[in-house]
1. Cβ-Cβ distance below 8 Å, separation of 6 or more or different chains: which pairs start in region 178-193 with a residue that is under 12 Å from R122 (Cα atoms) and end on one that is near the ligand (Cβ under 10 Å from one of its atoms)?
2. Within region 185-195, is there a residue that is open to solvent by 60 Å² or more (accessible area, probe 1.4 Å), among the charged types (D, E, K, R) and within 30 Å of K227 (Cβ to Cβ)?
3. Could you list, in sequence order, the residues of region 56-103 that are under 26 Å from A158 (Cα atoms) and among the basic types (K, R)?
4. Tell me, please, whether a residue that is open to solvent by less than 10 Å² (accessible area, probe 1.4 Å) and either at positive phi or within 16 Å of the ligand (Cβ to nearest atom) (or both) can be found in region 213-231.
5. Within region 55-71, restricting attention to residues that are away from the ligand (no atom under 16 Å from the Cβ) and crowded, with 22+ Cβ neighbours inside 10 Å, which residue is farthest from R87 (Cα to Cα)?
6. What's the total number of residues in region 242-251 that are more than 22 Å from R297 (Cβ to Cβ) and within 15 Å of the chain's Cα centre (by Cα)?
7. Scan region 12-54 for residues that are within 16 Å of the ligand (Cβ to nearest atom) and not hydroxyl-bearing (S, T, Y) and jot them down.
8. Name the single residue that is farthest from G243 (Cα to Cα) among those in region 91-127 being within 16 Å of the ligand (Cβ to nearest atom) and among the charged types (D, E, K, R).
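The values are calculated or read from the model by the stated rules, or taken from the named source; none is laboratory data. Because the structure is a prediction, the values reported are computed rather than measured. Quick reminder, even Gly has a Cβ in these numbers, built from the backbone with ideal geometry, and neighbours come from all protein chains shown. Heads up: the accessible areas ignore ligands, DNA and RNA and are worked out on the full protein's heavy atoms, side chains in. Shrake-Rupley method; radii C 1.70, N 1.55, O 1.52, S 1.80 Å.
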Amino acid sequence: MDIQGTVEEIVALVSPLSGEGKVASYIPSLGKVSADNFGMCVAMADGAVYGAGDWQKPFSIQSISKVFSLALVMSYDYDSIWTRVSREPSGTPFNSMVQLEADKGIPRNPFINAGALVVTDRLLSLTGDAAAAVGGLLRKESGNPSVDIDAVVAASEAEHGHRNAAMAHFMASYGNLENPVELVLENYFNQCALEMSCEDLAKASRFLSRDGVSVDGAPFLSPNQSKRVNTVMLTCGTYDAAGEFAYRVGLPGKSGVGGGIMAIVPGRCAVTVWGPSLDTNGNSLAGTAALSEFTTRTGWSIF
Ligand code: GLU
């Protein structure tokens with residue numbers, strides 16, 4: 001199969017969609033990114049990498065970082081995080097607080113903001129610096145030592161992060177945070193502000209297509225843990241549209257408000273796309289279309 005040609009054709013096909021949708025602006029510095037960017041990368045489990053468009057341009061990975069913090073916590077702690085966060089789709093927006101009181105401070109899943117704050121809190125206890133741990137993993141797996149936090153984005157989010165702060169305090173009131181709220185928030189904002197290209201991200205997520213095997217050949221996650229991270233991505237990874245995403249794409253995926261989406265074809269490859277214009281559920285509009293086209297053309301879906 002001509003994967004490079006397929007990626008180039010898909011980028012040309014979906015790029016015109018970047019005029020539709022909306023760039024996220026509730027974190028003001030994200031709103032400054034041009035909607036015209038579009039990139040796509042396929043990193044094969046065996047090492048080959050294909051890309052087109054703006055695939056080497058760094059962007060803010062935002063919620064995609066939540067996959068890596070979860071993977072790190074599972075690598076240290078195995079399953080114990082699941083007493084503090086559930087693994088069901090929430091059916092509400094990523095930043096909703098409405099279920100937290102009824103659920104006594106236990107978030108529905110690790111990919112909505114409340115759940116990710118709990119995971120970051122645990123990673124902070126385990127490592128002393130959760131954002132640095134996520135950054136370290138991303139640098140190692142991508143092979144790019146310059147992957148780093150965009151301090152301007154982190155500061156912009158901290159300044160406007162009232163809702164995340166409210167959720168963190170609320171969960172602390174139920175005893176579901178181990179560290180001071182301010183420290184958890186700082187680590188969470190920093191991990192979300194990590195900046196990477198489609199190429200970096202596809203390489204960094206390849207362990208999820210290889211049963212948890214790291215770039216150096218050592219097991220980072222067990223095959224069972226890798227399966228579970230992928231499963232939570234499939235059911236909860238694309239906001240309140242996980243059903244629609246599964247229907248259209250047929251792969252586990254995680255999106256972020258920066259316009260990136262990372263998808264995994266188990267046993268085969270990681271695929272990343274970046275288009276900052278989002279649909280009404282917060283997923284990259286052109287990115288979702290590209291992934292849908294990719295699985296249709298290649299037949300590489302889990303279904
Ligand atoms: N840092 C963002 C927030 O907490 C992440 C949101 C996202 O990408 O879904 O709002």
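1. Listed pairs, sorted by first residue: V184/L117; Y188/A116; Y188/L117; Y188/N164.
2. Looking for residues that are open to solvent by 60 Å² or more (accessible area, probe 1.4 Å), among the charged types (D, E, K, R) and within 30 Å of K227 (Cβ to Cβ), one finds at least one in region 185-195, hence yes.
3. K57, K66, R84
4. So far as region 213-231 goes, no, none of its residues is open to solvent by less than 10 Å² (accessible area, probe 1.4 Å) and either at positive phi or within 16 Å of the ligand (Cβ to nearest atom) (or both).
5. Ranking the candidates gives W55 first.
6. Number satisfying all stated conditions: 1.
7. G21, K22, V23, A24, I27, P28, L30, G31, K32, V33
8. D121
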